[in-house]
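Before any comments, here is the structure.
None of the figures in this text is laboratory data; all of them are computed from the coordinates on show. Keep in mind that what you see is a predicted model, and the values were worked out from it rather than measured. Because the Cβ atoms are built from the backbone with ideal geometry, glycine has one as well, and the counts that use them run over all protein chains shown.
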Amino acid sequence: MSEQIRYLKCTNCGYEDSSILTMSLPIGSGILKCYNCKKEVKFDELYCEQGRGMTFKEYAELLKYIVDNHGWRNLLKEGSKHIKYIRNSFDTRTNLIFSVQLDKEDFTIVNQNRHRNLKDWIYEYLKS
Ligand SMILES: [Zn+2]
């Protein structure tokens, strides 16, 4: 049984936020100042399943995908992110990785990103 959690999505820039702070705001009018685009815009109120971390198997597959497509040696490859360093945080309570850093890009499913699926989030970034 997974818990449904609320998150907000900016109708201007698409920024998503599932932090406790926005959870507690009254959404009646739906107008809030967006953390990302800094405008007073309408937010859509959405629900999804609680976010999910990555298993070690998924992480190993991710590392291989990055080395093959976005690693430091892919300097001439079109669309490559040229990632040099990859770090992770592993939670021994869940046996899942809940945080990955690709150089300076941070993917951590806490605070405003509690609703995200870590694996999908990272692959979306890599394919963007
Ligand atoms: Zn926005």
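See the values below:
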quantity: Options Asn117, Asn111: the member that is surrounded by fewer than 17 Cβ atoms within 10 Å (Cβ to Cβ) and within 23 Å of Leu46 (Cβ to Cβ); calculated: Asn111
quantity: Unmet requirement for Lys127, which otherwise passes all of (1) out of contact with any strand residue (DSSP E or B) (no Cβ under 7 Å at 6 or more places or on another chain); (2) surrounded by fewer than 13 Cβ atoms within 10 Å (Cβ to Cβ); (3) farther than 24 Å from Tyr15 by Cβ; calculated: (3)
